[in-house]
Amino acid sequence: MKVRGEGLGARAEEVAGASSASASPPRVLVLGIGNILWADEGFGVRCVEAMAARHRFADNVTLLDGGTQGLYLVDQVRAADVLVVFDAVDYGLPAGTLKRVEGDAVPSFLGAKKMSLHQTGFQEVLALADLLGGSPAHLLLVGVQPQTLEDFGGSLRPCVKAQIAPAIALALEYLGGLGIAPLGPAEPAAAAGARGTTDADHQPHPALDLGVYEAGRPPPERACRSGDARVLSRMGSRGEDR
């Protein structure tokens with residue numbers, strides 16, 4: 001999912017300290033990273049989806065589902081003046097705890113304790129962007145402490161799901177401090193499509209909608225979620241034979 005806003009951009013001087021009212025607006029990237037197939041790992045993606053569904057932004061603001069793309073995100077990161085990242089982060093706190101980190105501290109939190117492959121990858125994205133001279137001037141990480149990751153096909157646990165709205169509020173508060181605010185509520189998809197303002201190529205597949213995804217999940221007796229015990233037991237017995 002990649003959603004761009006509409007209309008006039010926020011004033012760049014409020015972000016970069018420029019004095020000219022005619023300065024170009026800052027390029028803002030709101031990025032959700034993670035894997036929705038592994039329970040609470042999908043928090044970042046679900047946040048950016050919800051934000052896009054609720055708010056309409058100016059053309060200089062991009063909302064992007066970064067998934068687990070890792071280094072493939074470096075060009076988008078380099079192009080941004082302001083970067084907001086939603087993610088599941090192991091802060092060593094109680095499950096469902098929401099925490100914001102800003103500026104130079106963000107990479108160290110992303111790499112403090114690896115939750116999955118994407119976190120190390122994104123830490124490298126930030127380092128590479130900086131090496132290439134294109135790192136964002138303003139950086140915010142809004143992370144939640146996950147409860148469960150090892151649940152293939154699972155969705156967010158209630159304590160984590162409950163933090164989607166507060167996470168979006170933190171992001172909007174941060175952006176508001178830089179003079180960047182939504183233009184209003186998001187349009188229904190049907191209305192936007194009728195006006196030709198949707199980008200179908202960058203919209204998530206309907207089957208990945210949070211409600212549809214949760215309702216369509218088969219019970220555990222029909223779909224293995226954490227490793228098939230029959231296969232794992234055979235692997236263990238082979239190891240003993242050696």
Q) Averaged per residue, what accessible area in Å² does the range 44-173 show with a 1.4 Å probe, protein chains only? A) 41
Q.
At 0.36 nm per residue, and after removing the present C-alpha to C-alpha distance, how many nm does the segment from A165 to R225 gain when stretched out fully?
A. 18.9 nm
Q: Determine the share of the range 42-174's accessible area contributed by carbon and sulfur atoms, expressed in whole percent, with a 1.4 angstrom probe.
A: 55
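Could you order the peptides 169-182, 33-46, 72-85, 136-149 from most to least packed, using the average number of other C-beta atoms within 10 Å per residue?
Values: 169-182: 16.9, 33-46: 24.9, 72-85: 20.5, 136-149: 22.1.
Highest-to-lowest ranking by the protection proxy: 33-46, 136-149, 72-85, 169-182.
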**Q.** Sites T97 and R217 - FRET efficiency at Förster radius 22 Å, r taken between beta-carbons, to 0.05
**A.** 0.30
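The values are calculated or read from the model by the stated rules, or taken from the named source; none is laboratory data. The structure displayed is predicted, hence computed values, not measured ones. In this analysis, Cβ positions are derived from the backbone assuming ideal geometry, glycine residues included, and neighbour counts consider all displayed protein chains. Ligands, DNA and RNA are excluded from the accessible area calculation, which covers all protein heavy atoms including side chains. Shrake-Rupley method; radii C 1.70, N 1.55, O 1.52, S 1.80 Å.
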